[in-house]
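Working notes, beginning with the structure itself.
Values quoted throughout were computed directly from the atomic coordinates according to the rules given, and no laboratory measurement underlies them. Keep in mind it's a predicted model, so treat the numbers as computed, not measured. Neighbour counts are summed over all protein chains in view; Cβ atoms, including those assigned to glycine, are modelled from backbone coordinates with ideal geometry.
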Amino acid sequence: MKNLDIKKVRLHEIEQLQRIGRQTFIETSVFKFLLQPFPFYHKGKNLFKIALLLFIVGFLFEYFFIPYERSFTEHRFNYFIISGFHIGIATCIYLGYFFIVSHIISEDDWKLYKELLAIFFLLGLIGVGEWLIRDIIYDNSYNFSLEMFLVELVHAYLSGTIIIILTYTIIYHTQKKKNSLHADQLRLENKRVPVISTLEIRAQIPSDNFILNPSCLIMARADGNYVEFFVLDAEKVIKLVKRITLSNAYEQLKKFDFIQKTHRAYLINSNYLEEVNGNAQGYQLKLKFLDFPVPVSRNHLKDFNQAMA
């Protein structure tokens, strides 16, 4: 039994070293950029709003800029209608594609690289769709040739990238303005941190159990199979790394009304909240004694606003 406990402790130490190594690699590479959380906009009412915005931006781009050389003698309709066909099929594919994606992914675990991959495959599907409707709008005996397929695929990636960048720019500034206005309306009061008796936080392995005064907890952050607890101790912040899930930690702390979950990976003590700033993804919080921001994701905005009302 004793040997088994020693093996568990050693395994725990090895996992901690591996976690530190992975974290160091991520923080010093391009993966830090690609692995950052990204809001999943494509669901519910937003899905249709973005589809409409894509159609408008895409139609204006297609009709007024005429991005590629056109052989108007092949057109079965005038260019206005053909532009509508092109953008219409792309919009329908977008709706169907992200309707399916929204039902099979975890929104809280959505990252920038996943958004980029999703867009990459979307543009490929749009290229296929544009190729399949060629015979409807173009009088060309080579409509279903491999050459035309590649042409439509290239057009989809080039034009689609521009249209999506323009659309996302509009979404970004709209969301940022909206969240900034909401953040400005929140009233932050100078709160006195309550004095509360300590409690034992039970981790996944007994050796990681620890005593915590919830009033001294500033913030907790998930990091793989571990949680980092930032605790105030004699005006200094210490970081405790424990093998526990954030959900488990929250279950043990949620009875304290000042402990709030702001993101799938973050808990905060609202008594240490100094500043709320809106951005395109939600809010960024500034907490006393910490030199880095804490996010409030779109999924937690409503609960956070109610708690701060």
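In segment 74-144, which trypsin sites (Lys or Arg not before Pro) are in a loop and have at most 15 other Cβ atoms within 10 Å, using DSSP for the loop call?
Passing both the DSSP loop test and the Cβ count: R76.
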Ignoring GluC sites (Glu not before Pro) buried by more than 15 other Cβ within 10 Å or outside DSSP loops, the longest site-free run in the chain is 70-188
Computed over the Cα atoms of segment 195-309, the Rg and Dmax in Å are 13.6, 41
Taking 0.36 nm per residue of separation between N209 and I162 and subtracting their Cα-Cα distance, the length gained on full extension comes to 11.7 nm
With label points set 7 Å from each Cα along the Cα-to-Cβ direction at E69 and T198, the distance between them in nm comes to 7.8
Taking a crude spin-label model, label points 7 Å out from Cα along the C-beta direction, the N78 to K178 distance in nm is 3.6
One finds, for N277 and A309 with R0 = 22 angstrom and r their Cβ-Cβ distance, a FRET efficiency to the nearest 0.05 of 0.75
Interchain or sequence-distant (5+) residues whose placed amide H lies within less than 5 Å of the amide H of K111 are F38
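For the chain, what does the helix formula give at 222 nm: sum of -39500 (n - 2.57) over DSSP H segments with n ≥ 4, over the residue count, nearest 500 deg cm²/dmol?
-17000 deg cm²/dmol
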Too long for a 20 Å Cα-Cα cut-off, among K239/K288; K261/K286; K111/K288; K49/K177; K177/K254; K254/K302, are K111/K288; K177/K254
Subtracting the Cα-Cα distance of L150 and I133 from 0.36 nm times their residue separation yields 4.7 nm
Karplus-derived 3J(HN,Hα) from phi for segment 289-294 (6.51 cos²θ - 1.76 cosθ + 1.60, θ = phi - 60°), whole Hz, x at Gly and Pro, runs 6, 10, 9, 9, x, 10
Applying the gyration tensor rule to the Cα atoms of segment 86-204 (axes a ≥ b ≥ c; rounded if a/c under 1.5, else prolate if a/b exceeds b/c, else oblate), the class is prolate
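Would you order L285, L199, L116 from fewest to most other beta-carbon atoms within 10 Å of each residue's own beta-carbon?
Listing L285, L199, L116 from fewest to most nearby Cβ atoms yields L116, L199, L285.
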Listing C216, C92 by rising number of other beta-carbon atoms within 10 angstrom, fewest first, gives C92, C216
If unit charges are put on Cβ atoms (+1 for Lys and Arg, -1 for Asp and Glu) and the dipole of the chain is taken about its Cα centre, the option from L285, I93, S247 lying farthest towards the positive end turns out to be S247
Segment 199-308: relative contact order from alpha carbon pairs under 8 Å, six or more residues apart, as a whole percent, is 18
Hits for the chain under the membrane-span-like helix rule (DSSP H, Cα axial span at least 15 Å, Kyte-Doolittle mean at least 0.0) are 44-65, 79-102, 112-132, 146-185
Within the chain, excluding any chymotrypsin sites (Phe, Trp or Tyr not before Pro) found in a DSSP loop (not H, G, I, E or B) and having at most 15 other Cβ atoms within 10 Å, the longest uninterrupted segment runs 145-288
Rounded to the nearest 0.05, FRET efficiency between Y113 and Q252 (Cβ-Cβ, R0 25 Å) equals 0.15
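About its Cα centre, what dipole magnitude does segment 36-185 give when the only charges are +1 on Lys and Arg Cβ and -1 on Asp and Glu Cβ, stated in debye to the nearest 20?
The calculation lands at about 580 debye.
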